[in-house]
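The values are calculated or read from the model by the stated rules, or taken from the named source; none is laboratory data. Only a predicted model underlies this, so the values are computations on that prediction, with no experimental measurement involved. With ideal geometry, Cβ positions are generated from the backbone for all residues, glycine too; neighbour counts draw on all protein chains shown. To get the accessible areas, we keep the full protein, side chains included, count just its heavy atoms, and leave off ligands, DNA and RNA. Shrake-Rupley method; radii C 1.70, N 1.55, O 1.52, S 1.80 Å.
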Amino acid sequence: MKSESSSEIDDGVTETAPAAATATRGPTDPDDRIVSLDVLRGFALLGILVINIWLFALPMVGWLDPTLYGDLSGGNYAAWFVSHVFFEQKFVTLFTFLFGAGIVLFMQSKERSDQPARRLHFTRTFWLLVIGLAHAYLLWYGDILVAYACCGFLVVFVRKWGPKRLLALGLIMFAFPALIYLLSGVGYVVSDAGTQAEIESQILGSFGAGPDEIDQEIAAYQGGWLEQVEFRASTVFTQQTVGFISETFWQLGGLMLIGMALFKWDVLSNGRSRAFYRRLLVAGGTTGLALILTGVWYRELVAWDTAQVLLLAYLFNYWGSLLLALAYVAGIMLLCRAAAGGRIETALAAVGRTAFSNYLLQTVLATSIFYGYGLGLFATLSRLELLGVVVLIWAIQVPLSVAWLQRYRFGPVEWCWRTLTYGERQPMRRE
């Protein structure tokens, strides 16, 4: 199961018209944008922190199964319930939609202006991979940039397919990990007690859920930076190799293809009717929530049996999140029409336009709060208190993003990425 992290990491390639791309042989001007994509990206970036805060602040088992670490009663249960139902996996789904759409946008933009689209795509994806590797090994094991880059190297080859074919292949890929979990879960349920105990022990062992392992994790992240680098290296390597091949590629790659299809159908660019978005909001919201809440009920039914939580109950949220994410897309598109040019749209768009910088800033702020080289609060705060930290980080990121874009054309990391991609220094300050 993959952590929830970054976005279609934006470098300004969301032009509003072909003329914007044909006017220059360099990168697309950041003022020529599809605002709805920026707003959706900003919304997604802020939302993923609600779940990523568990990865920053708790031992790994604390976000896999909340009964394995920490208090899960009263306000803490309410905090978990709201986070699980409305945030967990929904926002990484949105970001991955946008990453797929961003590949199509980037390639179309470069092809229209007779630039070497494929070479530029592979160059920018290579640098995304490099930044992701540094982020994962040096700062935080929950990085998703490496997975995005590796998927980006591959899914680009089907970008010209029609939306129906993209959607079909995307759903097949997305369903593959779910099928593996389903078969494993059924096998667990029908096995005898001894086999069940062995399976559960293997699952817990793979996530370091024993008391000694949890203590070692807490000691490492409350310790110094070098300790942490050494401790997380094996986890990161496993996620980026075995985890990527067996699960992450299929899940994220499938969502990228679905995002490509949605973009080609004008769903993400606010090109459909109000009635369409209203229907999508209702249909996706009701069916998605029904599945997710059924999953919560199932967890209670099996008394939070860890193996069933991770193999079977997980599936309700897996599919429900896809549907609820579509409802969120519809809601944001309707918001962009109802509040065009307003403060909410402006704030979310600013966060979206600086998504790459804000993603890494979330890591810097959170690790400075929880890791030993900062305040050292790892494994000390409750789930309810962690939501307060989320609001604090939002309160920093939103006004900072708005203020930054009043003076500069790109976020600092976006500027660096564009410069590396095009091989020449990009203008930073606004005229």
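For the stretch 282-297, a residue qualifies if it is within 23 Å of the chain's Cα centre (by Cα) and open to solvent by 70 Å² or more (accessible area, probe 1.4 Å), and the qualifying residues are Thr286, Leu293. The set of residues in the stretch 379-431 that are small (Gly, Ala, Ser) and over 23 Å from Ile131 (Cα atoms) comprises Ala379, Ser382, Gly388, Ala395, Ala403. Is there a residue in the stretch 417-425 that is acidic (Asp, Glu), under 27 Å from His84 (Cβ atoms) and open to solvent by 40 Å² or more (accessible area, probe 1.4 Å)? No, the stretch 417-425 contains no residue that is acidic (Asp, Glu), under 27 Å from His84 (Cβ atoms) and open to solvent by 40 Å² or more (accessible area, probe 1.4 Å). Based on what the data block shows, is Tyr314 assigned to a helix (DSSP H, G or I) and within 30 Å of Gly223 (Cβ to Cβ)? Against the criterion (assigned to a helix (DSSP H, G or I) and within 30 Å of Gly223 (Cβ to Cβ)), Tyr314 does not qualify.
Scanning the stretch 59-77 for residues that are modelled with pLDDT under 95 and either open to solvent by less than 30 Å² (accessible area, probe 1.4 Å) or hydrophobic (A, V, I, L, M, F, W, C) (or both) turns up Pro59, Met60, Val61, Gly62, Trp63, Leu64, Asp65, Pro66, Leu68, Leu72.
If you take the residues in the stretch 187-214 that are in a helix (DSSP H, G or I), among the aliphatic types (A, V, I, L, M) and touching a residue at least 12 places away in the same chain (Cβ under 8 Å), which one is surrounded by the fewest Cβ atoms within 10 Å (Cβ to Cβ)?
The residue in question is Val189.
Modelled with pLDDT under 95, buried (at least 22 other Cβ atoms within 10 Å of the Cβ) and either within 22 Å of the chain's Cα centre (by Cα) or closer than 30 Å to Gly132 by Cα (or both): does that describe Ala325? For Ala325, the condition - modelled with pLDDT under 95, buried (at least 22 other Cβ atoms within 10 Å of the Cβ) and either within 22 Å of the chain's Cα centre (by Cα) or closer than 30 Å to Gly132 by Cα (or both) - is not met. The lone criterion from (1) within 22 Å of Ile180 (Cβ to Cβ); (2) open to solvent by 30 Å² or more (accessible area, probe 1.4 Å) left unmet by Arg337 is number (1). Please specify each residue of the stretch 106-145 satisfying the condition of being of a type in the set (Lys, Arg) and open to solvent by less than 60 Å² (accessible area, probe 1.4 Å). Lys110, Arg124, listed by residue number.
Out of Glu300, Glu217, one residue alone is buried (at least 19 other Cβ atoms within 10 Å of the Cβ), modelled with pLDDT under 95 and either in contact with a Phe, Trp or Tyr (Cβ under 8 Å, 6 or more places away or on another chain) or in a helix (DSSP H, G or I) (or both). It is Glu217.
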